[in-house]
Amino acid sequence: MKAYDKLYINGQWVEGSGREMADVDPYTGKILFTYKGADKSDIDAAYAAAKAAQKKWCKTTVAEKTDLFEKLLGVMREYAPAIEECLMEEGGSTAPKRGYEAATCAQMVRYFMQFPSRVEGKLQPSDAPGQINLVMRKPRGVITVITPWNVPCLLTLKSVLPAIACGNAVVLKPSSDAPASALLLAEIFDKAGVPAGLFNVVAGGGADIGDYLVGHPSSELVAFTGSTEIGKRIASIAGGRICDVSLELGGNNAMLILEDADIEAAADKALFGAYFHQGQICMGVNRIVAVGSAYQKFCDAFAAKVRALKAGDPKDPEVFIGPLINGAQVKKFEDAVKQTVAAGAKVLVEGSTDGNVISPWLLADVTRDMYSARNEVFGPVCSIMPASTEEEAIDIVNDTDYGLSNSVMSRDLFHAAEVAACLESGMVHINDQTIGEEFHVMFGGEKQSGLGRFNGNWVLEKFTTEQWISIVK
Ligand code: NAD
């Protein structure tokens, strides 16, 4: 992979003025490249460039904006192999994960290409004779985008594409565990001819520059995807200057298996939902709550499948479980499993650690007070929890501070929909696992999993504002 050791500000590749940082391959432990992170002066330059570029960009026609997205689509497709390589080397992404993410990047450009023509206002009647009331929809201005490392290209584009398509400019701060993914996207934007200043990447440590970015007076909205802990901090800093936020945060998602469910299908779905990208997905299946007789049947069927999962080098196309992102996550994961087992959970499948690779763990007889049931573990473990009745199962699923995505497995689809409506999450998938995203369909969490809704018209409205213009004859 190329060394992405410069920041991208105002259409230029510039050396950062902040501290020296390293991008590390989580599987080999090799330093891919070192770079200097952004400091306050780089951030000021990025916002100044974004502000100037946005003033011109918002005046371009629908056709001009769409033309640019068409060029971007071509370059994004051309770069799919480079995106895959970067996701593997920088993020430890296995073949199914990196293939999905690279293909989705182009699909997202194709979807958000229609946004320039969908920014619509309203004509409203007036109490005053002869007066015309226009409600205009306008871009926000400069949007600050802050992204995590786990699905870095997809999650960056999920904010950046609708932001630019609606006439905004962007200052992006990627995770310090995934700077190359963001800078590779900058290279793609650059090659497609995106005007200088419209998209800027200031890589750097969250603790070093995060507060400064969120507090920056030139930023009209902070679109944050990441942990609930950092999301709370961002909301309080942005709130202090009455700056709007969109927050896509953590999850503690559950698959609820009713007694009439197809157990084989539930086990197949759960295998993907719990262990895809080694369990490092916000919507991943963290808990499985099975009712009555479904519990033991599911434990048996699922354990056999989990044992067969291959962990190791993400280059190996047979490997489903690659490395965790870094040593700190490995330690956090091991502590979480240790605490849960010490509290009485039964180990159905025992994983082992080799560097940053952890082969899958499966725990049963987990109760709601145990660590892995209460927290987002973000690693290759799944906790199976018994429930005597459907009511108890619903109560267990809802007994968490999070509310991102859940699922219900049942052969009775109408009843499953009734159960889904009782679950306190922004998304519920029936007869599926909990990971799912379609860019034209609403996305978002309840409780501490987020604020606001993404994708489709929801993000279009979030990334624009409205203005009343009245005309008196
Ligand atoms: P994180 O919250 O640690 O970091 C996210 C981003 O915030 C990074 O760019 C980081 O550098 C930055 N940051 C850190 N401190 C900051 C500060 N004080 N001010 C501003 N920015 C700061 O999360 P992570 O470990 O990168 O990602 C994993 C988390 O993200 C999990 O909790 C996961 O559930 C969540 N996530 C949520 C979604 C969603 O759509 N709901 C999607 C992916 C990941």
Among the candidates Gly312, Gly273, which residue alone is closer than 19 Å to Phe333 by Cβ, of a type in the set (Gly, Ala, Ser), away from the ligand (no atom under 16 Å from the Cβ) and not assigned by TED's automatic domain parsing to the domain that holds Thr465? Gly312
Go through Val171, Val160 for me and flag whichever is in a strand (DSSP E or B) and crowded, with 22+ Cβ neighbours inside 10 Å. Val171
Just to be sure I understand the filter: pairs with C-beta atoms under 7 Å, separated by 6 or more residues or on different chains, first member in the range 252-265 and on the phi < 0 side of the Ramachandran plot, second member in a helix (DSSP H, G or I) and open to solvent by 10 Å² or more (accessible area, probe 1.4 Å). Which pairs pass? Leu258/Glu390; Ile263/Lys297; Ile263/Ala301; Glu264/Ala301
Do we find a residue being out of contact with any Asp or Glu (no Cβ under 9 Å at 6 or more places or on another chain), small (Gly, Ala, Ser) and either at pLDDT 95 or above or within 10 Å of the ligand (Cβ to nearest atom) (or both) anywhere in the range 134-154? no
Mind listing whichever residues of the range 408-434 are hydroxyl-bearing (Ser, Thr, Tyr) and either away from the ligand (no atom under 16 Å from the Cβ) or more than 21 Å from the chain's Cα centre (by Cα) (or both)? Ser410
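Here is a yes/no grid of residues against (1) farther than 29 Å from Met136 by Cβ; (2) open to solvent by 10 Å² or more (accessible area, probe 1.4 Å); (3) free of Cβ contacts under 8 Å to residues at least 24 places away in the same chain:
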residue: Ala178; (1), (2), (3): yes, no, no
residue: Ala182; (1), (2), (3): yes, no, no
residue: Leu198; (1), (2), (3): no, no, no
residue: His216; (1), (2), (3): no, yes, no
residue: Ser219; (1), (2), (3): no, no, no
residue: Ser236; (1), (2), (3): yes, yes, yes
residue: Gly239; (1), (2), (3): no, yes, yes
residue: Ser246; (1), (2), (3): no, no, no
Scan the range 139-154 and give yes if some residue there is assigned by TED's automatic domain parsing to the domain that holds Gln54 and touching a Cys at 6+ places or on another chain (Cβ under 6 Å), otherwise no. yes
Determine if the range 179-191 includes at least one residue that is hydroxyl-bearing (Ser, Thr, Tyr) and in a helix (DSSP H, G or I). yes
Test: residue in the range 74-81 that is open to solvent by 50 Å² or more (accessible area, probe 1.4 Å), touching a residue at least 60 places away in the same chain (Cβ under 8 Å) and not charged (D, E, K, R): no
Tell me which of these Val397 doesn't satisfy, since it passes every other one: (1) in contact with a Lys or Arg (Cβ under 9 Å, 6 or more places away or on another chain); (2) in a helix (DSSP H, G or I); (3) surrounded by fewer than 20 Cβ atoms within 10 Å (Cβ to Cβ). (3)
Gly204 fails exactly one of (1) open to solvent by 50 Å² or more (accessible area, probe 1.4 Å); (2) on the phi > 0 side of the Ramachandran plot, namely (1)
Please find, within the range 1-16, the residue that is modelled with the lowest pLDDT out of those that are out of contact with any strand residue (DSSP E or B) (no Cβ under 6 Å at 6 or more places or on another chain) and surrounded by fewer than 16 Cβ atoms within 10 Å (Cβ to Cβ). Lys2
Suppose we keep only residues that are small (Gly, Ala, Ser) and either free of Cβ contacts under 8 Å to residues at least 40 places away in the same chain or in a helix (DSSP H, G or I) (or both) within the range 418-465. Which one would you say is nearest to Thr104 (Cα to Cα)? Gly456
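The values are calculated or read from the model by the stated rules, or taken from the named source; none is laboratory data. Small disclaimer: the values here were computed from a predicted structure and weren't measured. Glycine gets a Cβ as well: all are built from the backbone with ideal geometry, and neighbour counts include every protein chain shown. With ligands, DNA and RNA removed, areas are computed over all heavy atoms of the protein, side chains included. Shrake-Rupley method; radii C 1.70, N 1.55, O 1.52, S 1.80 Å.
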